[in-house]
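The values are calculated or read from the model by the stated rules, or taken from the named source; none is laboratory data. All figures in this text were calculated on a predicted structure; none of them were measured in a lab. No Cβ is skipped: glycine too gets one built from the backbone with ideal geometry, and neighbour counts run over all protein chains shown. The protein model used for the area step is the full one, side chains on, heavy atoms only, and it has no ligands, DNA or RNA in it. Shrake-Rupley method; radii C 1.70, N 1.55, O 1.52, S 1.80 Å.
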Amino acid sequence: MATTNKLKLLNDPIYGFVSIPNSLLYDLVQHPYFQRLRRISQMGVSYLVFPGAHHTRFHHALGCMYLMQKAVQVLRFKGVAISEEEETALYVAILLHDIGHGPFSHAMEHSIVEGVHHEMISLLFMKKLNKEFNGQLDLAIKIFKGEYHRNFMLQLISSQLDMDRLDYLKRDSFYSGVAEGNINSERLIQMLNVVDDNLVVEEKGVYSVEMFLIARRLMYWQAYLHKTSVCAELILVRILKRAKELCSRGKKLWASEALSFFLYNQIDIEEFEDKALENFSLLDDSDIMGALKSWQFHEDFILSTLSKMIVNRDLLRIEVFNNKEELQSKIANLKTVVAEKYGLKLESANYFAFQGKLKNQAYSKEKQPIMILKKDGEVVDVLKVSDHLNLKPLTKTVTKYLVCYPKNTFQS
């Protein structure tokens, strides 16, 4: 009997050919839990603003694995000992780091799987896969949880300069067309090294780090925090909350079996085992979009009106303010006006008139800093090496306030 060729090459529009280096990784990629990521958009509802942003979390996970392969090559070349077992564990951990994302994941986390973060779900999936694969994921899970003694391995997966960020900035920039996010991830990886078990960037890579942080800030303002994308996501949160509210009152809503499970049950992290996880593994973007297409014709005015907004991209009006005072004067009587306009109770007007926050911080002083290895061997925070005028402002959290409300609210 012919054996399956498990050393596959995939063609990626960003990096060219990406190889799956061994049969364990091939089997993980082939697993239904991972294949589900083909059906989950990387940028959620951003396609309503950037028509090209239809790439998936499957794309992104494979891109991260490719960058991890490059990082391992570079570090070994510089004399950092990485065993074959550690190498495979790094590939597994980065490949599965986003496996817990649901459809339109941030909207899901704030509505029907409230308080259950995608990273927790990723870990549950990894543990389940580990049972199926007879403990072959033990070391990957240890690294992912930060329990392995070699700290730099966790930093490659989750830090302020990790393979995840290096891929999503470049990939999201490519597919959205927001050129400012296009970072030089290959050069950044070439500059990596390890000192005292911590990841560092060699001094000649400092400008690449600056560009990376500036690109991150610009991508957040122009793409991830684009006011229309944020408004659409907030509408989606309210659609799912309304659907859950109607289900709790015993109303019948059309939904796939997997989505119905979450609409009709209150699930928290303690209950997120077996049945909930199995149902979650069946959810993807099509469950949500299929439901919205049905709900736009539902008798409930709130559910149908909000669903139509996403399906037909006829969203609420969005205004952004730089301070709270401007915002407060705007929304003082907004809910009353909206309630009267639609003949709703005041609390129901919250579905159509609401406020939100946009927060952008490109580099955090609270988290583990990006460390630069100077030519004399000293290791210092990138803020101290770079031109302070460039990076200091990027540590500041910039907050803007937005308000969403129906178009033509203030017209008679």
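Considering only SER176, SER294, SER46, the Gaussian network model of the chain with Cα springs below 10 Å gives its largest mean-square fluctuation to SER294.
With bins 5 Å wide beginning at 0, the percent of Cα pairs of the range 151-198 falling in each bin runs 5, 21, 26, 22, 14, 7, 4, 1. Using only Cα coordinates, the Kirkwood hydrodynamic radius of the range 243-283 works out to 10.6 Å. Both radii come from the Cα set of the range 326-412: Rg as radius of gyration, Rh as Kirkwood radius; their ratio Rg/Rh reads 1.35. P(r) tail for the range 151-265: Cα pairs beyond 21 Å make up 56% of the total. Taking the range 121-136 and a reference point 7 angstrom along Cα→Cβ of GLU85, the backbone N atoms nearer than 17 Å belong to 134-136. For the chain, the relative contact order is 16 percent, taking Cα pairs closer than 8 Å that sit 6 or more residues apart in sequence and dividing their mean separation by the residue count. Counting only the backbone N, which residues of the range 74-98 are under 18 Å from the spot 7 Å out from the Cα of ASN130 toward its beta-carbon? Under 18 Å, as judged by backbone N against the label point of ASN130, lie 85-98 of the range 74-98.
The C-alpha atoms of the chain define a longest principal axis, and helix 227-248 lies at about 70 degrees to it.
Determine, from the Cβ-Cβ distance of LYS357 and TYR264 and an R0 of 45 Å, the FRET efficiency 1/(1 + (r/R0)^6), rounded to the nearest 0.05.
In this case the efficiency is close to 0.90.
Residues of the range 37-52 falling in the label zone of GLU180, defined by backbone nitrogen less than 16 Å from a point 7 Å along Cα to beta-carbon, are 50. Beyond 22 Å, what percent of the Cα pairs of the range 1-137 remain? Tail fraction, whole percent: 44. With the Cα gyration tensor of the range 13-62 giving a ≥ b ≥ c as the square roots of its eigenvalues, does the rule (a/c under 1.5 for rounded; else a/b larger than b/c for prolate; else oblate) give rounded, prolate or oblate? Verdict is oblate for the range 13-62.
With the Cα gyration tensor of the range 85-175 giving a ≥ b ≥ c as the square roots of its eigenvalues, does the rule (a/c under 1.5 for rounded; else a/b larger than b/c for prolate; else oblate) give rounded, prolate or oblate? Oblate shape, in that a/c is at least 1.5 and b/c is the bigger or equal ratio. The residues of the chain expose on average 46 square angstrom of accessible surface per residue, using a 1.4 Å probe on protein heavy atoms.
A simple spin-label model places the labels of VAL379 and GLU299 6.6 nm from each other, with each point 7 Å out along Cα-to-Cβ. Peptides 317-324, 85-92 ordered by packing proxy, namely the average of other Cβ atoms within 10 Å per residue, highest first: 85-92, 317-324. Among 63-72, 13-22, 225-234, 193-202, sorting by the average number of other beta carbon atoms lying within 10 angstrom of each residue, highest first, gives 63-72, 225-234, 193-202, 13-22. Extension gain, PHE17-ILE331: 0.36 nm per intervening residue step, less the Cα-Cα distance, totals 107.8 nm. Ligands, DNA and RNA left out, the 1.4 Å accessible surface of the chain is 50% carbon and sulfur atoms. Specify the residue with the greatest mean-square fluctuation among ARG165, ARG76, ARG39, computed from a Gaussian network of the chain linking alpha-carbon atoms under 10 Å apart. Among ARG165, ARG76, ARG39, the largest mean-square fluctuation in the Gaussian network model of the chain belongs to ARG76. Taking a ≥ b ≥ c as the square roots of the Cα gyration tensor eigenvalues, the range 286-378 comes out oblate, since a/c reaches at least 1.5 and a/b does not exceed b/c. For the residue pairs LYS8/LYS78; LYS335/LYS359; LYS70/LYS227, the alpha carbons lie more than 32 Å apart in LYS70/LYS227.
What fraction, in whole percent, of alpha-carbon pairs in the chain exceed 38 Å separation?
That tail contains 26 percent of the Cα-Cα pairs.
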